[in-house]
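The values are calculated or read from the model by the stated rules, or taken from the named source; none is laboratory data. From a predicted model like this one, the values you see are computed outputs, not experimental measurements. Every residue, glycine as well, gets a Cβ built from its backbone with ideal geometry; the counts of neighbours run over all protein chains shown. The accessibility values were calculated without ligands, DNA or RNA, using every heavy atom of the protein model including side chains. Shrake-Rupley method; radii C 1.70, N 1.55, O 1.52, S 1.80 Å.
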Amino acid sequence: MDQQLKQFLLRVPEVTLLFWVVKTLSTTVGETGADFLAFDLNLGMPIVATIMSGAMVILLYFQFAKFKTYIPMVYWSIVILMSINGTLITDILVDNFGVSLETLTIVFTLAMLAGFGLWYKDEKTLSIHSIDTGKREAYYWVVILLAFALGTGVGDLLSEALALGYSTALTIFGGAIALVAMWYFLFGLNAVLAFWIVYVLTRPLGASLGDFLIKPVADGGLGIGMMSVNVAFLASIVLIVVVMSFRAKKVLSNSAKGI
């Protein structure tokens, strides 16, 4: 089977530069979008969480029951919804229930590691290139949701609770990703391990970027309006995902013609 066709028959996308670009943009929208809906539109976090969770469940139902393969628009919509929900989970626990960011970081880290452990014990692999069954995809999404909630907490912990500032947190997470990439390309870090480390780190990177862009200058941000950031980032995501969709259709069409 053609390698490109085989990739598109999986339930997750190929890991390319565009993948990482959209992933980072999605995590940023998760941070700024949650704040915009909850505070700028005065919907409140519980209502926004209910709406976003409902939308996420509906898309996941269709993904598991109907599609059962990678469809760019569906996949990235789920990622954005999980990113928003991850932000809301952490913010609600902190703001409404008084849970500390330190506690959340520990709890979500352990929960995510437990998710990886159960996944590996059950399937003997954590490679996204093996996600071709419903069970493996279910593990994948559970781990991602936990990673998003964790990333929000870690980003806020560094930038706010530890008072390092948004730009410093952004630099720390960006530097950590660069180190992992260098370790992978120059010193042969295991590809699966490298992927998941970077995947987890891009969440607080995106969250810190979002906060840096929208927070007032007096608080260490750039003071750009949330509406402007959300529109610009969502437009970028849609553009890239449309390109991905055309590419996927072209591969499947060429395969059907025997090209």
Q: Can you confirm whether the range 79-98 contains a residue that is open to solvent by 30 Å² or more (accessible area, probe 1.4 Å), more than 19 Å from Asp35 (Cβ to Cβ) and touching a Leu at 6+ places or on another chain (Cβ under 7 Å)?
A: no
Q: Could you please find all residues in the range 127-167 being touching a residue at least 60 places away in the same chain (Cβ under 8 Å), of a type in the set (D, E, K, R) and open to solvent by 30 Å² or more (accessible area, probe 1.4 Å)?
A: Asp132, Arg136
Q) Thr105: out of contact with any His (no Cβ under 9 Å at 6 or more places or on another chain), touching a residue at least 40 places away in the same chain (Cβ under 8 Å), open to solvent by 10 Å² or more (accessible area, probe 1.4 Å) and β-branched (Val, Ile, Thr), yes or no? A) yes
Q.
Which numbered condition in (1) part of a helix (DSSP H, G or I); (2) without any contact (Cβ under 8 Å) to a residue 40 or more places away in the chain; (3) open to solvent by less than 70 Å² (accessible area, probe 1.4 Å); (4) under 30 Å from Pro216 (Cβ atoms) is the only one that Ala34 fails?
A. (2)
Q | Subset of the range 195-220 [within 17 Å of Thr27 (Cβ to Cβ) and of a type in the set (Gly, Ala, Ser)] | A | Gly206, Ala207, Ser208, Gly210
Q: Considering only the range 215-259, state which residues are of a type in the set (S, T, N, Q), modelled with pLDDT under 95 and surrounded by 11 or more Cβ atoms within 10 Å (Cβ to Cβ).
A: Ser228, Asn230, Ser245, Asn254, Ser255
Q.
Take the conditions outside any loop (DSSP other than H, G, I, E, B), touching a Leu at 6+ places or on another chain (Cβ under 9 Å) and at pLDDT 95 or above and apply them to Phe212. Does it pass?
A. no
Q) Checking Val74 against (1) over 20 Å from Leu146 (Cβ atoms); (2) out of contact with any Lys or Arg (no Cβ under 6 Å at 6 or more places or on another chain); (3) in contact (Cβ under 8 Å) with a residue 60 or more places away in the chain; (4) open to solvent by less than 60 Å² (accessible area, probe 1.4 Å), which single condition isn't satisfied? A) (3)
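Give the residue that is surrounded by the most Cβ atoms within 10 Å (Cβ to Cβ), with candidates limited to residues of the range 182-208 that are in a helix (DSSP H, G or I) and more than 18 Å from the chain's Cα centre (by Cα). It would help to see each step written out before you state the result.
Taking the range 182-208 as the starting set, the residues that turn out to be in a helix (DSSP H, G or I) are 182-187, 191-208.
Now restrict to residues that are more than 18 Å from the chain's Cα centre (by Cα): 182-187, 191.
Working: Met182: 11, Trp183: 15, Tyr184: 17, Phe185: 10, Leu186: 8, Phe187: 7, Ala191: 13.
Among them, the one singled out is Tyr184.
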Q.
If Ala65 meets every condition in (1) open to solvent by 30 Å² or more (accessible area, probe 1.4 Å); (2) under 18 Å from Thr152 (Cβ atoms) apart from one, which number is that one?
A. (2)
Q | Residues that are open to solvent by 40 Å² or more (accessible area, probe 1.4 Å), in contact (Cβ under 8 Å) with a residue 24 or more places away in the chain and not aliphatic (A, V, I, L, M), drawn from the range 6-31 | A | Trp20
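Residues are listed down the side, and each one gets a yes or a no for (1) closer than 28 Å to Leu110 by Cα; (2) among the β-branched types (Val, Ile, Thr); (3) free of Cβ contacts under 8 Å to residues at least 12 places away in the same chain:
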| residue | (1), (2), (3) |
| --- | --- |
| Ala181 | yes, no, no |
| Leu193 | yes, no, yes |
| Ser208 | yes, no, no |
| Leu222 | no, no, yes |
